[in-house]
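Computed from the coordinates by the stated procedures, all read-outs in this text should not be read as laboratory data. As the structure is a prediction and not an experimental result, all values here were calculated from the model. Here the Cβ positions follow ideal geometry from the backbone for every residue, glycine too, while neighbour counts run over all protein chains shown.
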């Protein structure tokens with residue numbers, strides 16, 4: 001066996017089984033983050049974190065993210081007041097995805113809904129169709145995001 005293989009296997013084993021925090025950012029410098037409601041377990045949103053957002057989330061205990069469209073850091077609730085208090089953060093096996101369990105104030109979705117996952121995919125007539133589920137709005141985005 002080549003030393004390189006041993007090192008690679010050893011590194012992989014350390015990442016998967018070790019306790020060192022070594023987030024693996026993608027080519028854009030991001031990791032995917034899934035936020036769930038700590039009480040209900042409902043998935044609230046999926047977003048991305050760069051190194052700074054991940055660090056600020058850990059340091060402050062509040063949800064920080066990186067907006068790919070705006071190319072900027074943002075704190076959840078900064079505009080709306082609908083903040084996320086992080087109760088637990090977990091990394092997946094290869095440390096390229098983050099799961100945070102949060103206490104969500106108000107709504108998680110910029111559309112004004114509690115969760116970003118307010119539509120179900122149904123198979124109708126051999127094709128996919130969306131239907132609303134849990135789609136009641138908690139706030140009016142036009143009044144919050146001016």
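What shape does the range 12-97 have by the C-alpha gyration tensor, where a ≥ b ≥ c are the square roots of the eigenvalues, rounded means a/c under 1.5, and otherwise prolate means a/b greater than b/c and oblate the rest? Here the range 12-97 falls in the oblate category.
In terms of packing, defined here as the mean over residues of other Cβ atoms within 10 angstrom, the peptides 53-59, 89-95 line up highest first as 53-59, 89-95. Between 0 and 90 degrees, the angle of helix 51-60 with respect to the longest Cα principal axis of the chain falls at about 70 degrees. Taking every alpha-carbon pair under 8 Å whose residues sit at least 6 apart, the chain reaches a relative contact order of 20 percent. Taking the Cβ-Cβ separation of residue 89 and residue 121 as r and a Förster radius of 41 Å, what is the calculated FRET efficiency to the nearest 0.05? Once the sixth-power term is evaluated, E becomes 0.90.
Peptides 40-47, 12-19 ranked from most to least packed by the mean count of surrounding Cβ atoms within 10 Å: 40-47, 12-19.
Between residue 39 and residue 24, the contour length at 0.36 nm per residue exceeds the Cα-Cα span by 2.6 nm.
In whole Å, how far is the Cα centre of the range 90-109 from that of the range 124-146? Answer, in whole Å: 22. When Cα Rg over 2.2 N^0.38 Å is calculated for this entry, the matching label among [x] 1.25; [y] 1.16; [z] 1.04 is [x]. Modelled this way, with points 7 Å down the Cα-to-C-beta line, the labels at residue 99 and residue 12 are 2.2 nm from one another.
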